[in-house]
Structure formats: C-alpha cells, structure tokens
Amino acid sequence: MMDLIYSNSITCLHRLATVDDVVKFVQLCVDKGLVIDFILKQELDAFIKPSNASGSWVRQQIDGVRIKAVDQEGLTIYAVWMRESLMKDYVTHLESIKKTLSNSSVFLFPVI
C-alpha cells in the first residue's frame, strides 16, 4: 500500500513516472473510494498551485495523459500527468496479470 509520504510526493509533483507509480496511485484511489477519469490540460493546469515549483514542470507538458481522482461529491482530490507510453506500459502490465490469473493452474500444487 502507498504510504502518505509517497502519495504526497505524487500529488506535489502532479506526475506519475513509472508503472509502479501508476499501480500505487490506482491503489490509493481504490482505498479512498475515488473515481479516476481523464481530464483536459486546462483542468490539470488549474488544479496545480502557481507556487508549486515541482508542479510547474507538468504545466509545461503539451502531450501525455492527464487524469483526476474524484470523490463521491465530484470534488477533484488528485490531478496527475503521465507520459502516453507509460499508460501503454500500464495496460501491458494489466494484461500480463490477467494472463497469469487466467492460467491459474500454474499456482496449483500437486496432491501428495
């Protein structure tokens, strides 16, 4: 599970850098009951405080994928950016897990 220090670094930086970051971000959202959705550049830019020097790097990114995590009242709790290739890597990661789970006989032990 993602600890608070790590989640704060993601929310401060407003970007995901690795597949592990994405997995942990998704887990954080599941744990907090947040819904993840895509957003436009303008919405992410508006979410980042102007005083946030780390977040300003994200505002400069033209391409990539922008997502937000929203609570039950529709309030945006997190807004982050990732490279488009990272999103593809995450999808590949999910597909490999699905393939492993579908071949669950690998995990069965022989009866002795």
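Below are the figures for this structure:
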{"read-out": "Alpha carbon convex hull of region 4-69, volume per residue in cubic angstrom", "value": "89"}
{"read-out": "With every protein chain in place, region 22-112: carbon and sulfur % of accessible area (1.4 Å)", "value": "62"}
{"read-out": "Charge tally in the Cβ shell below 12 Å around Gly74, where Lys, Arg are +1 and Asp, Glu are -1, Gly74 excluded", "value": "-2"}
{"read-out": "Entries in Lys32/Lys88; Lys24/Lys88; Lys68/Lys99; Lys41/Lys98; Lys24/Lys68; Lys24/Lys99 that, when Cα-Cα distance is taken, lie over 23 Å", "value": "Lys32/Lys88; Lys68/Lys99; Lys41/Lys98"}
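The values are calculated or read from the model by the stated rules, or taken from the named source; none is laboratory data. Because the structure is a prediction, the values reported are computed rather than measured. Glycine gets a Cβ as well: all are built from the backbone with ideal geometry, and neighbour counts include every protein chain shown. Surface accessibility is based on the protein's heavy atoms, side chains included, excluding ligands, DNA and RNA. Shrake-Rupley method; radii C 1.70, N 1.55, O 1.52, S 1.80 Å.
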